[in-house]
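Every read-out reported here was derived from the displayed coordinates using simple, explicitly stated rules and does not represent laboratory data. Bear in mind the structure is a predicted one, so any value in this text is a computation, not a measurement. In this analysis, Cβ positions are derived from the backbone assuming ideal geometry, glycine residues included, and neighbour counts consider all displayed protein chains.
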Amino acid sequence: MVRQDKGLAVSVASFSYGLPQRRCSAAAGDTDTQARLPHSFPVLDPAGLVLPCGLALPMMPVVSPAPRPLLDLSAEELSSWMATQGYKTGHTLPVLRSVYGAGQVTAPPKDRLPAGLMDHVATAFPSTAATLAQRQVSEDGTCKLLLRLPDGRTVETVLMPDYRPERAAGCISSQVGCAMGCDFCATTQTGFERNLTSGEIIEQFLHLRREAAAAGRTLRTIVFMGMGEPMLNLRNVLPAVRRMADPQLGALGWRQVTVSTVGIVPGIEELTETSLGVHLAVSLHAPDDATRTALLPMGRRFPVQDILAAADRYQEKSGRITTIQYCLLEGVNDSLNQARDLASLMKDRRMHINLLRYNPTGLSLKGRTYAPSSMEQTEAFLTTLRQCGAVAHLRRARGPDIDAACGQLRKREGAEKEKV
Ligand code: SF4
């Protein structure tokens, strides 16, 4: 990845488990860089640059990026800052609780804090990074938010009411855009732009929690099934999960979080090593590599058997049952033979299959038009799975009357901007 700053190209270490990445124009919010930088760390060396050939480039002005939002900071980082400012580090948690509890830094903390501390924090760190750009509410209560990030990019996050009237689930994004190229997905059509910071991920959680409260519900679960591939941004997803789940901060609980993947095996292995105890969901969408690769290019790199073996190891270590996500597409992956093949993959495995109804997104990357399976075929697929001994459920489609599919609202907003 190459970062352009004032005409100078600065190489930036990349993530990616050796996977090819589309070139991205990382901006001020580039988490790969910023996550490792202390508050207001200068990007360019004031001494200038000397090229290997000996040519010295003139000294450039020091560029200080915007201060990192408070939500980007871990308790340890804030604690260090407090110490440098002469405050007791014991005040760190009350400060953070005021943010995670109320969603804004100016809310008075319950605990007693030194006079001026909250003002000092509010001056040093922006309380939030994103603003609400659009909000769509479906007849079924699904609420989709388009959040605008400080660099102008947008990201989607969705609140889904539970069948229990007091509960809701949130679907959040881990990246701006996505490089995975799943053919039926609207998000990937705009390409990959950048990873979200941990603060930007947490901010989605806080937005959804406020939406849920306004609807008289409690946000009980979070799934990373929005824009992006979470396993390619674990360096920010994991800290965000820790802070959302932490009883002292977001207080969501580990078991209430599901991290999904299109099948990035090294990511599943890394998650296994964390022992976080979150749930794992694998987007399989086909039982065989040929069909799967036509839908999900990552299938070329990670075959079905390798993905399931990695999920087995995760399940064994975490004790959490893996969910297999399977979006039924008419004439593509919904035959009864494919149902039998899928069920046989589940043999001797305690995994649950979630059948998903497809929300059409128009022309695909490869110029195809996918359609959801008919209800009749969907029922037959489900029945076959169960007859073959698999544990399977049909998830109802959410928000069919709004831009419910992942990436649709953002794509539409981009198209409208282009027209202006
Ligand atoms: S389905 Fe998920 S992983 Fe695949 S392109 Fe869309 S956002 Fe990326």
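With a Förster radius of 22 Å applied to the C-beta separation of Leu132 and Thr218, the computed FRET efficiency comes to 0.60. For the stretch 194-336, the relative contact order works out to 20 percent when only alpha carbon pairs closer than 8 Å and six or more residues apart are counted. By definition, a body whose alpha carbon gyration tensor gives a ≥ b ≥ c is rounded when a/c is under 1.5, and the stretch 131-419 falls into this rounded group. Please say if the stretch 70-223 is rounded, prolate or oblate, where rounded means a/c under 1.5 for a ≥ b ≥ c the square roots of the C-alpha gyration tensor eigenvalues, and otherwise the choice is prolate for a/b larger than b/c and oblate otherwise? Oblate is the answer for the stretch 70-223, as a/c is 1.5 or above yet b/c matches or exceeds a/b. Ordered by the count of other Cβ atoms within 10 Å of each Cβ, fewest first, Lys317, Lys144 give Lys317, Lys144. The mean sequence distance of close C-alpha pairs (under 8 Å, at least 6 residues apart), as a share of the length of the stretch 131-419, puts its relative contact order at 18 percent.
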